[in-house]
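> Before anything else, here's the structure in question.
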Amino acid sequence: MFSHVVIWWTKPDLPNAADDLVAGAQKYLRSIPNTFHFHVGKMVPSSRPVVEQSYQVALNVVFADKQGHDEYQAHPSHLEFAKQCSPLWARLVVYDFE
């Protein structure tokens, strides 16, 4: 298995950015082939001090292998997502692991 996790901090001057980013991921990324699991959502507040809570949106996509991930990255829908939705975020961090 290969996991691709993206964490976004949206632009504070765009009040609907988190909702728009989730909607954009659903629209452009969910149907890309080779995804074993797809989940995108907004940060859930927690009283636990070890839980990171400064971000607004997270994405978790699981593939059978790195090749599936690499094909996902080059897919036209992924490129369109980046083009359409990048104005919504101020920062992102990516975690890829096997």
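Conditions tested, residue by residue: (1) within 21 Å of Gln26 (Cβ to Cβ); (2) of a type in the set (Asp, Glu); (3) more than 12 Å from the chain's Cα centre (by Cα).
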position: Glu52; (1), (2), (3): no, yes, yes
position: Tyr55; (1), (2), (3): yes, no, no
position: Asn60; (1), (2), (3): yes, no, no
position: Phe63; (1), (2), (3): yes, no, yes
position: Glu71; (1), (2), (3): yes, yes, yes
position: Phe81; (1), (2), (3): yes, no, no
position: Gln84; (1), (2), (3): yes, no, yes
position: Glu98; (1), (2), (3): no, yes, yes
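> Okay, moving on. Would you confirm whether or not segment 72-80 contains a residue that is touching a residue at least 60 places away in the same chain (Cβ under 8 Å) and surrounded by 14 or more Cβ atoms within 10 Å (Cβ to Cβ)?
yes
> Would you point out which residue out of Gln84, Gln56 is surrounded by fewer than 18 Cβ atoms within 10 Å (Cβ to Cβ) and at pLDDT 95 or above?
Gln84
> Now for a different question. Hey, Ser47 hits all of (1) exposed (fewer than 13 other Cβ atoms within 10 Å of the Cβ); (2) of a type in the set (Gly, Ala, Ser); (3) closer than 14 Å to His78 by Cα but one; which does it fall short on?
Evaluating Ser47 over (1) exposed (fewer than 13 other Cβ atoms within 10 Å of the Cβ); (2) of a type in the set (Gly, Ala, Ser); (3) closer than 14 Å to His78 by Cα leaves (3) as the failure.
> Please list, ordered by first then second residue, the pairs with beta carbon atoms under 8 Å, 6 or more apart or interchain, first in segment 31-45 and among the acidic types (Asp, Glu), second modelled with pLDDT of 95 or more and part of a loop (DSSP other than H, G, I, E, B).
none
> Check every one of the strands (runs of 3 or more DSSP E) wholly within the chain and list those with 2 or more residues that are touching a strand residue (DSSP E or B) at 6+ places or on another chain (Cβ under 6 Å) and of a type outside the set (A, V, I, L, M, F, W, C). Give the derivation first.
Values: elements: 2-10, 35-42, 57-63, 89-97.
Fully inside the chain and qualifying: 2-10, 35-42, 89-97.
The values are calculated or read from the model by the stated rules, or taken from the named source; none is laboratory data. Note that the coordinates shown come from a computational prediction; the quantities given were computed from them, not determined experimentally. Backbone-built Cβ (ideal geometry, glycine too); neighbour counts: all protein chains shown.
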